[in-house]
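A.B. asks: This is the structure I want to talk about, given as structure tokens.
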Amino acid sequence: MAASPCALAISIPVTVVAAIGAASKIGVLVKGGAALEGLGRVRGVALDKTGTLTRNQPSVVDVATTDGISRERVLGLAAALEARSEHPLARAILAAVDGDIASATDVEAVTGAGLTGQVDGRTARLGRPGWLDSSPLAGDVERMQHSGATAVLVEDDGQVIGAIAVRDELRPEAREVITRLHSGGYHVAMLTGDNQATAAALAAEAGIDSVHAELRPEDKARIVGELGHQRSMAMVGDGVNDAPALATADLGIAMGAMGTDVAIETADVALMGEDLRHLPHTLDHARRARRIMLQNVGLSLAIITVLMPLALFGILGLAAVVLVHEVAEVVVIANGVRAGRAKPLPGGKPAAVRPTTTVGASA
């Protein structure tokens, strides 16, 4: 009876149930006890840029043209190629065009580079510097990138005629979130498919020192795996392109309110609010829950270790051992329930957790 592990057996489940229930009240979907414990062990956070650190509402902020070419011509040609695209950059370019937009024909996407098609019987291309020759507008492109904008070149019949600067502003709370993560001892890295200059400018604005730019989805997964060799890493993302990295990380966190269903299904945790401050708030909650788990396990083991020799040598009788065990169970349960006292996000409103088909602990 002295070796009975009742308190030990209940020490973690009661804490997990209380903590996950509290997380749901503050707008966080945690997919099981393993995800909760993993969240509490995290010591590094990798953040996707677009839609996570930024508003995911890009807009055209500048247009540079070569001699004799109008701003309207550059935007019109770009919009013709982007007319059927749902990419955020496409929406920004289309929104910047006044009047009707002609549709290009034979449009083809070149992975990681841009678009090519036919407009008025002439070959037109739209894409990143490097794929298209940026030398006619090298100074303008460099200025755009160092201001934190993405530069998109437009080519008409083999000649670059302009560059469009599209900027996605940081979330207003981004710098505060990064400061809180650094204060909590977390290593923070930013991952993005943007060029190095644009990524560095936005990272500096947010207060992030570690920047990994010009990444494809598989590159993000590789970087997260490499960072995970140094510390337990969480990956935070919102789109289909982030799914490989979310699956590779020790813990995947989806920005659920803005994210795709693929990201939410792949991740272990989903932050359903639109406020990025939910991230450090949730990490603090998980750390506290994990501390309570360890306290309960330690107390339960200590009681068993003390009671066994006392019972073996007859110092304590059966009634006394049973009493101590029952009291220990009450203490462990009461301590575990404390994990359910999560406070709402300061200045924010609890977010509704939408249903998801994946409810078990994520592998």
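The values are calculated or read from the model by the stated rules, or taken from the named source; none is laboratory data. These figures come from a predicted structure and were not determined experimentally. Note that we place each Cβ from the backbone using ideal geometry, even for glycine, and neighbour counts take in every protein chain shown. The area values use the complete protein model at the heavy-atom level, side chains included, leaving out ligands, DNA and RNA. Shrake-Rupley method; radii C 1.70, N 1.55, O 1.52, S 1.80 Å.
A.B. asks: Of the heavy-atom accessible surface of the chain (probe 1.4 angstrom), what whole percent is carbon and sulfur?
C.D. replies: 55
A.B. asks: Given the Cα-Cα distance of VAL306 and ARG71 and 0.36 nm per residue of separation, how much length would full extension add, in nm?
C.D. replies: 76.5 nm
A.B. asks: Related question: Give me the accessible area per residue for the chain, probe 1.4 Å, as a whole number in Å².
C.D. replies: 45
A.B. asks: Still on this structure: 7 Å from Cα along Cα→Cβ at both TRP131 and ASP261: what's the point-to-point distance in nm?
C.D. replies: The answer from the label model is 2.8 nm.
A.B. asks: How big is the shadow of the Cα convex hull of region 1-107, averaged over all directions, in nm²?
C.D. replies: Averaging across all directions leaves 12.9 nm² for the Cα convex hull.
A.B. asks: Give the calculated FRET efficiency between VAL327 and LYS25 to the nearest 0.05, with a Förster radius of 30 Å applied to their Cβ-Cβ distance.
C.D. replies: 0.50
A.B. asks: Rounded to the nearest 10 degrees, what's the angle between the helix 174-183 long axis and the longest principal axis of the chain, both from Cα atoms, 0 to 90?
C.D. replies: Result, in degrees: 40.
A.B. asks: Next up: Under the Karplus relation 6.51 cos²θ - 1.76 cosθ + 1.60, θ = phi - 60°, what is the ordered set of whole-Hz ³J(HN,Hα) values for region 159-166, x standing for Gly and Pro?
C.D. replies: Result, rounded to whole Hz: 10, 6, 10, x, 9, 10, 9, 10.
A.B. asks: Using the beta-carbon distance between ARG338 and CYS6 and R0 = 22 Å, what value does 1/(1 + (r/R0)^6) give for FRET efficiency, to the nearest 0.05?
C.D. replies: Calculated value: 0.65.
A.B. asks: Could you pull out the GluC sites (Glu not before Pro) across region 50-116 that fall in loop regions by DSSP (anything but H, G, I, E, B) with no more than 14 other Cβ atoms inside 10 Å?
C.D. replies: Answer by residue number: GLU86.
A.B. asks: Taking amide H positions as placed 1.01 Å from N in the peptide plane, with prolines and chain starts having none, which residues 5 or more places from THR54, or on another chain, fall under 5 Å of its amide H?
C.D. replies: ARG171
A.B. asks: Separate question: Is there a quick way to get the dipole size of region 173-264? I mean about its Cα centre, with the Cβ of Lys and Arg at +1 and of Asp and Glu at -1; what is the value in debye to the nearest 20?
C.D. replies: So the magnitude is around 200 debye.
A.B. asks: Still on this structure: Can you show me the helix-derived [θ] at 222 nm for the chain, built from DSSP H runs with n ≥ 4 at -39,500 (n - 2.57) apiece and divided by the number of residues, rounded to the nearest 500.
C.D. replies: One gets -14000 deg cm²/dmol as the mean residue ellipticity at 222 nm.
A.B. asks: If you don't mind, there's one more thing I want to ask. Hey, any idea what Rg/Rh is for region 150-248, computing Rh the Kirkwood way over Cα pairs?
C.D. replies: For region 150-248, the value is 1.04.
A.B. asks: Can I ask one more? Skipping prolines and chain starts, which residues have an amide H placed within reach, meaning under 5 Å, of the one on VAL188, given they are 5 or more residues away or on another chain?
C.D. replies: VAL45
A.B. asks: Another question, if that's okay. Between helix 6-25 and the chain, what is the angle of the helix's C-alpha long axis to the longest principal axis, kept within 0 to 90° and rounded to the nearest 10?
C.D. replies: The angle comes out near 30 degrees.
A.B. asks: Please name which of LEU323, LEU202, LEU132 has its Cα lying farthest along the dipole of the chain towards the positive end, using unit charges on Cβ (Lys, Arg +1; Asp, Glu -1) and the Cα centre as origin.
C.D. replies: It is LEU323, whose Cα lies furthest towards the positive end.
A.B. asks: Between VAL240 and GLU205, what is the label-point separation in nm under the 7 Å Cα-to-beta-carbon projection?
C.D. replies: Calculated label separation equals 2.8 nm.
A.B. asks: By the scheme Lys and Arg +1, Asp and Glu -1, what is the net charge of all other residues having a beta-carbon under 12 Å from that of GLY252?
C.D. replies: Overall, the nearby charge balance is -4.
A.B. asks: For a label point 7 angstrom out from the Cα of ALA247 toward its Cβ, which stretches of region 200-230 have the backbone nitrogen within less than 17 Å?
C.D. replies: Answer for this model: 216-226.
A.B. asks: At q = 0.06, 0.13, 0.14 Å⁻¹, what log₁₀ I(q)/I(0) does a Debye calculation on the Cα points of the chain give, no solvent, two decimals?
C.D. replies: Relative scattering, expressed as log10 I(q)/I(0), comes to -0.32, -0.99, -1.09.
A.B. asks: Identify, among LEU345, VAL63, ILE93, the residue whose Cα sits farthest towards the positive end of the charge dipole of the chain, taking +1 on the Cβ of Lys and Arg and -1 on the Cβ of Asp and Glu, with the dipole about the Cα centre.
C.D. replies: Going by the Cα projections, it comes out as LEU345.
A.B. asks: How high is the FRET efficiency from SER103 to ASP284, r the C-beta distance, R0 45 Å, rounded to 0.05?
C.D. replies: That pair, SER103 with ASP284, gives E of 0.35.
A.B. asks: What is the sum of charges, Lys and Arg at +1 and Asp and Glu at -1, for the other residues whose Cβ falls under 15 Å from the Cβ of ALA199?
C.D. replies: Summing Lys and Arg as +1 and Asp and Glu as -1 gives -4.
A.B. asks: May I pose another question? To the nearest 20 debye, what is the magnitude of the charge dipole of region 1-116 about its Cα centre, counting +1 on the Cβ of each Lys and Arg and -1 on the Cβ of each Asp and Glu?
C.D. replies: Here the size comes out at about 820 debye.
A.B. asks: For the residue pair ARG41 and HIS146, what label-to-label distance in nm results when each label sits 7 Å from Cα along the Cα-to-beta-carbon direction?
C.D. replies: Taking the two extended label points, one gets 4.5 nm.
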